[in-house]
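Heads up, the thing below is written out as structure tokens.
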Amino acid sequence: MNVVTTDETGRFRAYFPFDEVLELWCSNTGYHTKILVIDTRSVPKSKQKWGFEYGGFEVTLKPIGLENKGVNRVAILKYSSKVQSFDFELH
């Protein structure tokens, strides 16, 4: 497991290998954890050479007690041949 810490604005940089399904856990003490599933299996080999940048999601954590969910998956981020980049679907 790799741990990535955000900067003061909540932004981070991480590298995810192709041909895998990974989970990005968003958590903080006193808040419910949310999980973003990242599926890199459908990226065409011809598109893997230069990699991708993606910054199109925002995760808001709810304080424990305000929401009764604990850990939950909030979205799947995967490559879309329609947009030729990564796109997400909410859960």
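The values are calculated or read from the model by the stated rules, or taken from the named source; none is laboratory data. Note that the structure is a prediction, hence the values are computed from the model and not measured. Here the Cβ is made from the backbone with ideal geometry for all residues, glycine too, and neighbour counts use every protein chain on show.
Scanning for something within 16 Å of the chain's Cα centre (by Cα), among the hydroxyl-bearing types (Ser, Thr, Tyr) and modelled with pLDDT of 85 or more, does the stretch 47-55 turn up at least one residue? Within the stretch 47-55, none of the residues are within 16 Å of the chain's Cα centre (by Cα), among the hydroxyl-bearing types (Ser, Thr, Tyr) and modelled with pLDDT of 85 or more. Contact map, the stretch 44-66: first residue more than 27 Å from LYS82 (Cβ to Cβ), second residue part of a loop (DSSP other than H, G, I, E, B), Cβ cut-off under 7 Å, separation 6 or more or different chains; pairs are LEU61/ASN28; LEU61/HIS32; LYS62/HIS32; PRO63/GLY30; ILE64/GLY30; ILE64/HIS32.
In the stretch 35-46, of all residues being charged (D, E, K, R) and not in a loop (DSSP other than H, G, I, E, B), the one that is modelled with the highest pLDDT corresponds to ASP39. Right, THR9: exposed (fewer than 10 other Cβ atoms within 10 Å of the Cβ) and polar (S, T, N, Q) or not? Judged against the criteria, THR9 is a match. Among residues that are in contact with a Gly (Cβ under 8 Å, 6 or more places away or on another chain) and either hydrophobic (A, V, I, L, M, F, W, C) or assigned to a strand (DSSP E or B) (or both), PHE52 is not included.
Taking the stretch 17-34 as the range and being under 10 Å from the mean Cα position of the chain (by Cα) and either within 16 Å of ASP87 (Cα to Cα) or in a loop (DSSP other than H, G, I, E, B) (or both) as the test, the residues that pass are LEU22, GLU23, LEU24.
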